[in-house]
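Contents: one structure, followed by commentary.
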Amino acid sequence: MHPHIERILFSQEQIAQRNREMGRVITEVYGSKVGDQGIVLVSVLRGAAIFMADLARCIDLPVEMDYMAVSSYGNAATSSGRVRVLKDLSTDISGRHVVIAEDVLDSGLTLQHLLSMLQARGPASLEVVALLRKDVPGQIDIPLFQTGFACPNEFVVGYGLDYAERYRNLPYVGVLKPEIYM
Ligand code: PRP
């Protein structure tokens, strides 16, 4: 275990197992309706890229992969929930079945804005798969098609999640030792 990690919450094996389960559900649910066109998997850079890359390989359908980059205005406590798009999708999602692969649902502001923005483009369907749903007070009620794990409200890093751009490459999700960020 990395010396800056207090404890592991979700191991590499647990995450891989859960990804296989969620990929199987996506394959079953979308298999009959998407045909050759398949689905469009979307992730928000940067944290979710690792989750999406693994989830994509657990889906037995044609999968297009596309990415967005956004930045939030202000902090979660004061923001109106608007996010600024730094990089938009390359794919025209009109009429397409779109699945957003998100690493963590925290305040919910990012997904709230993203969902309304993408919904306005007329996809055939739009769903969210989140690896982690953090247990935070006041979280916006975002409907999730699937959730990997319920996550305690702690400072978690790894498997895409960072602190100051570090720890994204840890293969597990763990709690960062407080002395690292205090
Ligand atoms: C994280 C995460 C989500 C968002 C969730 O991204 O990847 O996109 O925050 O938070 P919310 O529910 O409070 O909106 P972050 O802004 O840390 O960027 P990163 O992916 O580059 O680490």
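Just so it is clear, none of the values below were taken in a lab; they were calculated from the coordinates. All values derive from a computational prediction rather than experimental measurement. Here Cβ is always computed from backbone atoms with ideal geometry, including for glycine, and neighbour counts include all displayed protein chains.
Which value at 222 nm does the chain reach when only helices count, each DSSP H run of 4 or more adding -39,500 (n - 2.57), with the total divided by all residues and rounded to the nearest 500 deg cm²/dmol?
After summing the helix terms and dividing by residue count, I get -8000 deg cm²/dmol.
Rank these for me by crowding, 181, 163, going from fewest to most other beta carbons within 10 Å. The partial results should precede the final answer.
On the way: 181 11, 163 15.
If I rank by nearby Cβ atoms, fewest first, I get 181, 163.
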Residues in the range 139-182, backbone N under 16 Å from the label point at residue 112 (7 Å along the Cα-to-beta-carbon vector): list them, ranges by number please.
139-144
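Compute for the range 26-68: radius of gyration divided by Kirkwood radius, i.e. Rg/Rh, restricted to C-alpha atoms, rounded to two decimals.
Values: Rg = 10.6 Å, Rh = 10.7 Å.
Rg/Rh: 0.99.
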With θ set to phi - 60°, apply the Karplus curve 6.51 cos²θ - 1.76 cosθ + 1.60 along the range 45-55 and write out the HN-Hα couplings as whole Hz, x wherever there is a Gly or Pro.
5, 9, x, 7, 4, 5, 4, 5, 4, 6, 4
With DSSP loop assignment and no more than 13 other C-beta atoms within 10 Å, the trypsin sites (Lys or Arg not before Pro) in the range 30-67 are 57
For the chain, what's the radius of gyration and Dmax over Cα atoms, in angstrom?
16.2, 51
For residue 9, residues with placed amide H under 5 Å, excluding near neighbours:
173, 174, 175
Between 50, 39, 93, where does the largest GNM mean-square fluctuation fall for the chain, given springs only between Cα atoms within less than 10 Å?
93
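Of all DSSP beta bridges located in the chain, what percent are antiparallel, nearest 5?
Numbers: 12 of 37 bridges.
Antiparallel bridges make up about 30 percent of those DSSP assigns within the chain.
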What residue among 128, 98, 29 shows peak mean-square fluctuation when the chain is described by a Gaussian network model with Cα springs under 10 Å?
29
